[in-house]
Structure formats: C-alpha cells, structure tokens
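Input: a single structure, listed below in structure tokens.
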Amino acid sequence: MQKLILYFSVLICFANCQSKKTTENKMNYYQEKYRPAYHFTPEKNWMNDPNGLVYYEGEYHLFYQYNPYGSTWGHMSWGHAVSKDLLHWEHLPVALEEYPDPLIGDSTMIFSGTALIDQNNTSGLCEGKGCMIAIYTSHVHKNGEGKMQHQSLAFSNDKGRTWKRYDKNPILDIKRKDFRDPKVFWYEPQQKWVMATVIPDLFKVRFYESKNLLEWKQLSEFGPLGDTTRIWECPDLYPLPIEGNPGKTKWMLSLSGGHPQGPKFVGMQYFVGQFDGTSFTPDDPKQAALHVDHGKDFYAGIVYNNIPKQDGRTIMIGWINNWTYGKQIPTLPWRSAMSIPRRLSLKEADNGLRLIQNPVKEIESLRTEMLTDSISSESSAEIEIELNTDSDETGIKLFKSELEETIIGYRSKDHILFLDRRKSGNVNFNPDFASIEEVNVIPVDGKIKLHIFIDQSIIEVFANDGDATIADYAFPEKADYKIETYSKGGKSPVFKLWKLKSVWINK
C-alpha cells in the first residue's frame, strides 16, 4: 500500500510539474529577448531564404530554408507555415527534408525554389483538377562539400500538408556544381510555364519553358549586368503596375547578390524591362546597379505566386539577415526572421522607372494605442514622421538610453537618409555589424516622409511612400529606453506612434 501511495504521489507530482512547465512555456512563447512580435520567425533553429511563396484556397504559404537540427546553417530543408492574413502564422511540419542517397553515399539538401498551383494538372501528378507543386534545387554533397546542383520536383495533393518527391528527379540537370534557385510561374500569353534559374558564379540568369513542369527547354540568358560584386542568387521575374498609369505594367527581374556598400555584404538588385516569353530585355542595356533595399538585412526576396486577380497585388517577402554575420546574431533559440510583406509597384522618375515598396495594408490591424510625439519606451511599434529639410540634419533616435541609440536621420546638404546602428547595443558579436547605411532620397515639398517599423530587434524604414527602404537589425541591451527626435539647426520633428500587438502571444 505504501508503495502504491508513493507511486501515485510521484505521478501526481510529475503531472503537476509537467502542467506547470507547459504553462510557463506558454507564458514565455515568442517573448524571448529580441524575439520579433509581428515579423515571422521559426519557433527554433536556423532559417534563411523564403521559398515557395504561394497563395492557395484562402491560405498564404511560406516555405523557407530551414535546419531542423540546429541554430546555424546546415541540413537544409523546407520549413513551412500558413497564414490567412500574412501576419498570423501557423507552424506546420517540415515539408521537404534533406535525404541520403544510399547508392552513392551522398546526401541531398533541399535548396531554394518555388511552390505553384498546377490548376489544370499539366504535370499529370494531381489527384483531381489541381495540386501544389514544389520545384527546388537538389544540392548533392558529401561530407559537407557540394558536388552537384540540379532542379527537382515534389507534389502535394492535400494543400501542402504532405509531399511526395517525383520518382524521375531531377527534372533539369546541366551537370554543373552551381546551378540553382528556380522560380517558376505561368506565362498566360503562351500557355506555358517559365523558369528562371541562376548560374551564380557567371552572373547569369537562365530562362526555361515547359508545358508540363517535367520537361524543360532553354529559352535565353540574361547577364552579367549591374552589380557583380557577389554571386547571383534567387532570381524572380514578374510584371508590376506603373503608378499613375492604370492598366500599364512593366516586367521586373530581381535577384540577390551584391550590396551598395561593397562585396563584404549581400543585398538585392533589380532590372526593369520587357519579357516576351523568351527573353528579358532591360530598358537600359548598360544599367548600373539598382538595389532593392539599402539596409544590411534584406536578402533573397521573392514574390507570391497565385495571388487572386481581384487582389491584384505583387507581394514580396525577404530574409532579414546577412551572410556576413548571420550565424552570430545574438538570438536564441531561433536565428533569422522574414521581412514585413511588401507590396511592389513602379513609378516614373527622372531617370526611368523605379521600384516602389510599401508594407501591406493588413499590418494596420495590429495597431492598438496611438501616441503623439511620445518619448515612451516601445519595442514593437509603427511610426510616421515628417522631417523638415530646413535644418542641417534631423531625425529620430530609437532604443535611446544613456549609452545606446539607433539613429534614423536625414542630411539635407547631400540628400542622404541614413540609419546609424554603431551604438545600438550589442554590436560586438561580429566586427562588421556596427555600421551606417545610407541612401539618396530627394525631398517632396521640402519634406522627407518616413514610415518606420520597429520590432524588438528589427527596423524597417520606408521613405517617401516607398521610394527607398532600409532594413536592419539592432540589438539594444538596455530594457529601459526611449524614442526621441532631434534636429541640428532647426525644430525637432513630431511623430505618430502606434503600439503593435504580437501575432504570437495567444498561440
């Protein structure tokens, strides 16, 4: 009897302890230091490029490069999450995981690629009318050394919940060590699929066509052009509306590679031109580099496939991190985040069409209390501010404490908008992290309008209704900080601030 009582006592204690532990975990869920409240992050472990962005039957799917077993790069697989509003995400099991090849002793990682909806079952792989297809780079390696890259296919007949690899993979193989990152879309005028891939070290984007997603024929090549300071990755090709010209569009080719501050860092660039179903032709055949974002932490952005026509938006998500220091950022148990989803368009400028980026409208649903010219400490917020350019320099200081600050400012003399994170707190984990990012922005009616999002450790700045953007990490160490404006030679600006609620705390 005593043994039985002891057994039940231990059992009750274990149950109570487990319940207490579960409750504590629930309370701390997505509330770790530096954990973003409304930017997507995996629950744990390493994440990099967004993959397979696709909308299907009421759900936005986000696949992403993921290491299920650690907080640094390795064992690359496809993580998976879904959302109904691009903000509140449901984590799903790993979709595609690295797999071994027992015949040759090698292993194949699942590198970047595309998800699409084969609505008319052109592949013959769908049970019924349509299904979800993933086309990805199969990266063959042995003991960590890359040996070959080719493009492979998997398919899902249950809205992306379970996957089966095509039994005749690879579907495209040019026998090359580096050949990757397929982005596939349906080209309606010629009723065919088009694939954009890269040969990274040659700075070339290569285009292919297919009628069935299984057999591919080469169409053309683009490049080198623009920024060739780093290898090219993650190409994407899509039409964009031109603001002020209803019904008018131009094609944009975006890809990842070099950064405005040189070859030590990675960034994204874009080209505007025409696509005729065979080749992409830039408007300026001698175009200098045009960069998507001027911060250090925006890379590998791609746009959603299959957005409904009645929506009409082109939406991009990018990776918030930089390969130079990405494996060392002080966040655990996760590393890396995704950007706010951005709505893309084009606008006529003096030197041609230029990219415009703005946060998706859905983010306004997270607003709670609005503060005007507040100096209170807020770590997840949206800020609107206008900077008068009649002073030498003016701006706003985020995460401001006695010894720390992150400055977003504007220098009127040379028309430079900058983000200075040299004193932002924890900057010593890598010698290249502390920095100032700059971009040329011309005032409109003597003012610079800024739309700023801060999220624990992430800052995204949209200037003059999306003319320029800066995305950067900052890791303040002090918990008690303020937000304040400043001006050198003029009156300090005022701002509006909305507190933004977490998309995770009720999970």
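Things to note:
- Anisotropy class of the chain from Cα gyration tensor, a/c 1.5 cut: oblate
- Qualifying chymotrypsin sites (Phe, Trp or Tyr not before Pro) in the range 57-147, where qualification requires a DSSP coil assignment and no more than 14 other C-beta atoms within 10 Å, comprise Tyr69.
- Compared with the direct C-alpha span, the chain from Leu92 to Asn245 gains 51.0 nm at full extension, assuming 0.36 nm per residue.
- Label positions at Glu364 and Trp73, each projected 7 Å from the Cα along the C-beta direction, are separated by 4.0 nm.
- Label point at Ser107 placed 7 Å out along Cα→Cβ; residues across the range 62-86 whose backbone nitrogen lies under 17 Å: 65-79
- Magnitude of the charge dipole for the range 137-252, about its Cα centre and with charges confined to Cβ atoms of Lys, Arg (+1) and Asp, Glu (-1), is about 340 debye.
- Average Cα contact separation per residue, the chain, under 8 Å, 6 or more apart, as relative contact order %: 13
- Note on the chain: dipole from Cβ charges, positive end direction compared against Phe275, Gly58, Pro493; the farthest Cα belongs to Gly58.
- Placing Arg35, Arg230 in order of accessible area, with the largest value first and a 1.4 Å probe, yields Arg230, Arg35.
- Length gained when the stretch Ser401-Ala479 is fully extended (0.36 nm per residue, less Cα-Cα span): 27.2 nm
- Ordering of 426-436, 335-345 by packing [mean C-beta count within 10 Å, highest first]: 335-345, 426-436
- Across the options His80, Met195, Phe222, the greatest Cα extent toward the positive end of the charge dipole of the chain (unit charges at beta carbon of Lys, Arg, Asp, Glu) belongs to His80.
- Dipole magnitude for the range 320-395: computed about the Cα centre from +1 point charges on Lys and Arg Cβ and -1 point charges on Asp and Glu Cβ, it is near 780 debye.
- Pairs exceeding 25 Å between alpha-carbon atoms, taken from Lys44/Lys501; Lys33/Lys482; Lys44/Lys147; Lys33/Lys423; Lys129/Lys204; Lys159/Lys327: Lys44/Lys147; Lys129/Lys204; Lys159/Lys327.
- A crude spin-label estimate for the pair Asn428 and Asn351, with each label 7 Å from Cα along the Cβ direction, gives 4.0 nm.
- Theoretical FRET efficiency, 1/(1+(r/R0)^6), r = Cβ-Cβ of Leu202 and Lys496, R0 35 Å, to 0.05: 0.15
- Annotation: per residue accessible area for the chain equals 43 Å², rounded to a whole number [probe 1.4 Å, protein chains only].
- Anisotropy class of the range 34-132 from Cα gyration tensor, a/c 1.5 cut: oblate
- Ordered from highest to lowest accessible area with the whole protein assembly present and a 1.4 Å probe, Ser107, Ser365 read as Ser365, Ser107.
- The range 208-302: relative contact order as a whole-number percent, Cα under 8 Å and 6+ apart: 26
- A Förster radius of 41 Å combined with the Cβ-Cβ distance from Ser377 to Glu59 puts the calculated FRET efficiency at roughly 0.70.
- Summing charges over neighbours of Leu353, with a neighbour being any other residue whose Cβ is under 13 Å away from its Cβ, gives -2 when K and R count +1 and D and E count -1.
- Sequence of Asp392, Asp85 from largest to smallest accessible area, 1.4 Å probe: Asp392, Asp85
- Sequence-ordered 3J(HN,Hα) estimates for the range 273-278 from the Karplus curve with 6.51, -1.76 and 1.60 and θ = phi - 60° stand at x, 10, 10, 9, x, 10 Hz, glycine and proline given as x.
- Each Lys and Arg adds +1 at its Cβ and each Asp and Glu adds -1 at its Cβ; summed about the Cα centre, the chain shows a dipole of about 1080 debye.
- Taken one residue at a time, the phi angles of the range 136-148 give Karplus couplings (6.51, -1.76, 1.60, θ = phi - 60°) of 9, 7, 8, 9, 8, 9, 9, 6, x, 8, x, 10, 7 Hz. Gly and Pro are set to x.
- For Asn426, distant residues with modelled amide H under 5 Å away: Phe475, Glu477
- Three-way shape label, the range 320-468, alpha-carbon gyration tensor, a/c 1.5: rounded
- ³J(HN,Hα) computed for each position of the range 250-267 - Karplus, 6.51 cos²θ - 1.76 cosθ + 1.60, integer Hz, glycine/proline x: 9, 7, 10, 10, 10, 7, 9, x, x, 10, x, 8, x, x, 6, 10, 10, x
- What a 1.4 Å probe finds exposed on the chain is 50% carbon and sulfur by accessible area, rounded to a whole percent.
The values are calculated or read from the model by the stated rules, or taken from the named source; none is laboratory data. Because the structure is predicted, anything quoted here is derived from the model rather than measured. Cβ sites come from the backbone with ideal geometry, for glycine too, and all protein chains shown count toward neighbours. With ligands, DNA and RNA removed, areas are computed over all heavy atoms of the protein, side chains included. Shrake-Rupley method; radii C 1.70, N 1.55, O 1.52, S 1.80 Å.
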